[in-house]
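Bear in mind that the values in this text are calculations on the coordinates, not laboratory data. This structure is a prediction, so every number in the text was calculated from the model and none was measured. FYI the Cβ positions are ideal-geometry reconstructions off the backbone, even for glycines, and counts take in every protein chain you see.
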Amino acid sequence: MGEEDPLGHSAVRGEGARGRAPRAEDFGWNDSLYDGPEEDGTDADAPAGKSAGSKEANVPKGAKGAKGSGAPKGPDGSRHDRPRIPRRGRRVLRWTALGLSVLILGTAGAGYLYYEHLNGNLTKKPLNLGDKQLGHGTDAAGRSPVNILLLGSDSRNSARNVELGGARNEVGREPLADVQMLLHLSADRRSMSVLSIPRDTRVTIPECTDPEDGTVHPRTVDKINSSLQHGGPGCTVATWMELTDIPIDHFMMIDFAGVVDMADAVGGVPVCVDANVHDRRSGLRLKKGTTTITGERALQWLRTRHGFGDGSDIGRAKAQHMYMNSMVRRLKAGTKLTDPGKLRSLAEAATKALTVDDGIGTVKELYDLANELKRVPTGRITMATMPWEYAGGGSYVVPKPGDAEEVFSLIREDIALDGKDEKPKKDAEEKAAPADRIPVRVRNGTGSTALAPVNGRAATVTDLLHRLGFTRAEADPTAVSQANTTLSYPDQDRRGDALAVAGALGLPERAVRRSADVDGITLVIGADWRAGDAYPKTEPSPKDGKRRAPDSADALNGEDKDACMEVNPAHVW
């Protein structure tokens, strides 16, 4: 029997696959006809002194091997003035291009079996084990944001994870989700917000049924990292939606071994500390300044908390943000991703490391999602931590009143945490029709994961609108659940009417939005307005009119290359 990897896949893929990432030829593709020496005894694609099988073999500079490559023509109109590549060499080049297409694009053809192999590496689990179902609105162009929950598991249920994570006495224990980050990709794909929740945050974990054995885990209150033990990542997704009322579209989970493999595959990630640090708990030991960390040291960085800040999980979250930003910058720069061998290694490491939901359960779906993410400029990526405060004598943390809800609200409303979104363009006229000629549909969205909807709320607010002169307002029985009250309109011509309704009710302008989901002015009474005729007062908007994450979220911009972790004085060497 071959050694099992962390996700249960056998490491034995055929004799030729041992000790390296499998290649397409290990799974049915035979390109031996295109191998072997050229007439002079060397591979046309290998530099002098390198064999055909050498890892250092590269395509010769300027050898395109394709029509229309722009090579200069000879006097007779042919292209024989350029360096000629023997036919076998051209075939090798074509195979290299095909192999990259298979690995990165997930196309079929000669690499179909390898593509299926990569799909088989992925472990898939249900997305949501709770009863709460939330959906997105759309912007004026009909686009929706995407929310992905990123989870880091502390599983020690494989020999390699035990070796990397220690704590041999915990073998067999259900894993905890010690890293939890929500990645929000805006509807227009111009910004990305990443929100961490400290693992020791005390939350309500909803009832979840384990899809593997049918065990029903009752609703309880506990630290959020334990939600993973209530049936898997689908229960952690349900817990996030319980806490934030943010719809989650996908999740990705990685364990200790996966972090090591991914860090190695990308060639390491630069990180910075403001002093020599040695955290004996995680094993991290670094000199002051910037160091490129790979493999196990990358795992140590991501697990370190005693050595950073005040020694709590809060410092660890910030270190993780720095690591992610640095990795994104490295990947966007294309570092280490031009060599086919490295690409194979990255494809293998990424697919073996991940547990995902069925919605992104193939390489093609992951690739499409990655293409969406990479459209965001690095300068519009913001990493933040949920505003928190200590409770229970310091044994756990809870969301900071006001500030935490503001961050959740920004994500729900698809507003970037960096405050750099463009203000909506206003029609210079924005004229409104007389109040008695403006039809308004009113829906009751006051229910939440913690509270049942207020009966008759839509009818109550409809009566209020009638008293305010909007006699064409009607209560709509459609069942919805929404944290914030919103007033949506379908096109620019009716923005003036929507603003008139909002003004009469005392709604802030930020509650007014254009949406392709409605065909008329639609008011959804959210959980923030469960009683009374007057909409609850909110904090005044910033002077520039743009909402952004509060200071307590400790936001970090993706372009901040000078960010450096503050070392806990007790762990300086």
Note on the range 435-545, DSSP bridge orientation, antiparallel percent to nearest 5 equals 20 percent
For the range 435-545 (alpha-carbon point model, no solvent) the Debye-based log₁₀ I(q)/I(0) at q = 0.13, 0.22 Å⁻¹ works out to -0.44, -1.27
Once both label points are put 7 Å beyond Cα along the C-beta direction, the K124-D551 separation in nm becomes 4.8 nm
Expected unfolding gain across H278-E430 under the 0.36 nm per residue rule, minus the alpha-carbon gap, is 48.6 nm
Rounded to 0.05, the calculated FRET efficiency for the beta carbons of E389 and R143 at R₀ = 45 Å is 0.80
Quick calc, the range 494-573, dipole around Cα centre from Cβ unit charges on Lys, Arg (+) and Asp, Glu (-), nearest 20 debye, gives 400 debye
So the compactness index of the range 280-415, its C-alpha Rg divided by 2.2 N^0.38 Å, takes the value 1.27
Here, A459 and E559, labelled 7 Å along Cα→Cβ, have an inter-label distance in nm of 5.5 nm
Label model pair R437, Y367: point-to-point distance (7 angstrom along the Cα→beta-carbon line) in nm is 5.6 nm
Ranking A459, Y535, H571 by how far each Cα lies towards the positive end of the charge dipole of the range 449-573 (+1 on Lys and Arg Cβ, -1 on Asp and Glu Cβ), the top one is A459
Length gained if E566 through R202 is fully extended, taking 0.36 nm per residue and subtracting the Cα-Cα distance, is 128.4 nm
Treating only Lys and Arg (+1) and Asp and Glu (-1) as charged, each at its beta carbon, one finds that the range 293-371 has a dipole about its Cα centre, in Debye to the nearest 20, of 420 debye
Given all pairs of distinct Cα atoms, the range 367-448 yields a Kirkwood Rh in Å of 17.7 Å
Convex hull around the C-alpha positions of the range 125-412: the volume in Å³ per residue is 142 Å³
Over 25 Å (Cα to Cα) among K287/K561; K400/K537; K352/K561; K288/K318; K318/K420 -> K352/K561
Length gained if T292 through A333 is fully extended, taking 0.36 nm per residue and subtracting the Cα-Cα distance, is 13.2 nm
Taking alpha-carbon centroids only, the range 451-519 lies from the range 371-409 a number of Å equal to 29 Å
Magnitude of the Cβ-charge dipole (Lys and Arg +1, Asp and Glu -1) of the range 271-413 about the Cα centre, nearest 20 debye, reported as 900 debye
Long-range amide H partners of N276, meaning residues 5 or more apart or on another chain whose placed amide H is closer than 5 Å, are K288, W573
At R0 = 41 Å the Cβ-Cβ FRET efficiency linking A531 and R219, nearest 0.05, sits at 0.95
